[in-house]
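K.L.:
One structure follows; several queries about it will come next.
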Amino acid sequence: MNKKIMVALIFTPLLAYIAWNFSFSPGAKNWTASEIELLQSLSLDRLPALPKVPSNYFADSPDAAKFGHALYFDKRISGNNLVSCATCHQPEKMFTDGLALAMGTELGPRHTPSLVGISYSPWFYWDGRKDSQWAQALAPLETAHEHNTDRLQVARLISKDDSYRQQYELIFGPLPSIPSSPLAASPHGDGALKAAWSSLTTDQQSQVSQVFSNLGKALAAYQRKLLPGPTPFDDYVNSLSVEGDSSDELLTRSQVAGLGLFIGEAQCVTCHNGPLLTNHEFHNTGVLAISGQLPPMGRYDGIRIARKDPFNCLGEFSDAASSECLELRFSRDTNDLVGAQKTPTLRNIAITAPYMHGGQIKTLKEVIEHYNDAPISMLSHNEAKPLGLRPLQLRQLEDFLNILSAPLATDSKWLSAPIP
């Protein structure tokens, strides 16, 4: 065979491989007017004021936030006196824990999501089973693998701790009489807890649950302080001129190219939009089931649980009029929500690994590869479609996602336990 032909046969595929994997994809520095509008809609400068919470009258009370701050770091609010909210939602880890599955008093079934900016969401938990932050804050306290305590013991702690009692009454009014027995009681948990709860009068049950719900409202008031800070991405999009040029070289060419992919070919912005880079909605993206578990029903079950929750917006302990509970009243529960999980924020994404509702994916690189492949979902359907991005483009997208982290825009006094 002619040597030139042989050389061509050997090197042509090699050159094609190199071109496919390593060829430069130019950074999109001359953005169009519509792209600039989209990019600037993602800036933290566009983040509105915290939303009102009709079901929590005390959401913006400074005294409630101070009280919630103390409760958040208090390990006495657990069955073994070793677990606080900060055990899983650690300030130094952007209010996550760095684990695949949460570890409270026992190993839990889900990954710990970040609390940063979560107050903007209308739904809580991966499946949206809670319709307010205060209702969400209550559930872990009575969940066996998290705090493993009960509402009667928590209410009794407030009544016996002079500082807590004083703070509670300053915010919520007189603390009702808390029964001295039984030792523990809750409408949830094992048979003994439920039997003890049934031994209380209806008025006692209501009073204990009212105190319990107020603690959730204080915890939510504290968590509203946890807000993301501006990143190099925000600096870049804020510097864009109407002509689409950045005034400074704030990002590398690879990062700019990744940003172009983010709002374009990779379609990330479809779900990760707005200043918090999330649409707060629920999607099935074909993530593998958590090891040892069946694929969860996700939002399909979550909305049904939320509707039955006694602490929901329409419940006895809500401060809202029924007309203010629009999210709950008009929420949908169609079959396309089977397996759908909540879209997380991408802010601080590079420092909050692992990822997904069960921590199934360890690295950001693997997350991007997952969406590039878009595997068939084990349950229902995968909303994502294969992207077919080249290896170079995947690296550019990762380079962009790595600049979405920054210190919190939160006074440091809120990031550690209060000084007694």
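The values are calculated or read from the model by the stated rules, or taken from the named source; none is laboratory data. On a predicted model such as this, the values are computed, not experimentally measured, just so you know. Here Cβ is always computed from backbone atoms with ideal geometry, including for glycine, and neighbour counts include all displayed protein chains.
K.L.:
Does I403 count as within 20 Å of the chain's Cα centre (by Cα), hydrophobic (A, V, I, L, M, F, W, C) and assigned to a helix (DSSP H, G or I)?
P.N.:
It is false that I403 is within 20 Å of the chain's Cα centre (by Cα), hydrophobic (A, V, I, L, M, F, W, C) and assigned to a helix (DSSP H, G or I).
K.L.:
In region 346-401, how many residues are surrounded by fewer than 18 Cβ atoms within 10 Å (Cβ to Cβ) and closer than 22 Å to P275 by Cβ?
P.N.:
The qualifying residues number 2.
K.L.:
If you check A100 against the conditions, is it buried (at least 22 other Cβ atoms within 10 Å of the Cβ) and either out of contact with any strand residue (DSSP E or B) (no Cβ under 8 Å at 6 or more places or on another chain) or in the same structural domain as Q167 (by TED's automatic domain parsing) (or both)?
P.N.:
Here the answer is no, as A100 does not meet what is asked.
K.L.:
While we're on this one: For region 150-194, name all the residues that are touching a helix residue (DSSP H, G or I) at 6+ places or on another chain (Cβ under 7 Å) and among the polar types (S, T, N, Q).
P.N.:
S159, Q167, S186
K.L.:
Something else now. All but one of (1) crowded, with 20+ Cβ neighbours inside 10 Å; (2) in contact (Cβ under 8 Å) with a residue 40 or more places away in the chain hold for A86; state the number of the condition that does not hold.
P.N.:
The failed condition is (1).
K.L.:
Also, I was wondering about something else. Looking at (1) touching a residue at least 12 places away in the same chain (Cβ under 8 Å); (2) of a type in the set (D, E, K, R); (3) more than 22 Å from V83 (Cβ to Cβ), which one does R165 not meet, given that it meets all the others?
P.N.:
(1)
K.L.:
On the given criteria, is A289 surrounded by fewer than 17 Cβ atoms within 10 Å (Cβ to Cβ) and aliphatic (A, V, I, L, M)?
P.N.:
When the stated conditions are applied, A289 passes them.
K.L.:
Sticking with this one: Which one is surrounded by the fewest Cβ atoms within 10 Å (Cβ to Cβ) among residues in region 131-161 that are more than 19 Å from G108 (Cβ to Cβ) and hydroxyl-bearing (S, T, Y)?
P.N.:
Ranking the candidates gives S159 first.
K.L.:
Collect the residues in region 168-181 that are surrounded by fewer than 16 Cβ atoms within 10 Å (Cβ to Cβ) and either closer than 16 Å to T201 by Cα or free of Cβ contacts under 8 Å to residues at least 12 places away in the same chain (or both), keeping them in residue-number order.
P.N.:
E169, G173, P174, P176, S177, S180, S181
K.L.:
All but one of (1) in a loop (DSSP other than H, G, I, E, B); (2) surrounded by fewer than 21 Cβ atoms within 10 Å (Cβ to Cβ) hold for I305, so report the exception by its number.
P.N.:
Result: I305 passes all but (1).
K.L.:
Among the helices (runs of 4 or more DSSP H) contained in region 122-223, which hold 3 or more residues that are aliphatic (A, V, I, L, M)?
P.N.:
Here the list reads 133-138, 151-160, 191-198, 202-223.
K.L.:
Right, next: For region 322-372, which positions are in contact with a Phe, Trp or Tyr (Cβ under 6 Å, 6 or more places away or on another chain) and either outside any helix (DSSP H, G or I) or under 20 Å from Y120 (Cα atoms) (or both)?
P.N.:
Result: V338, A340, Q341, K342, H357, I361.
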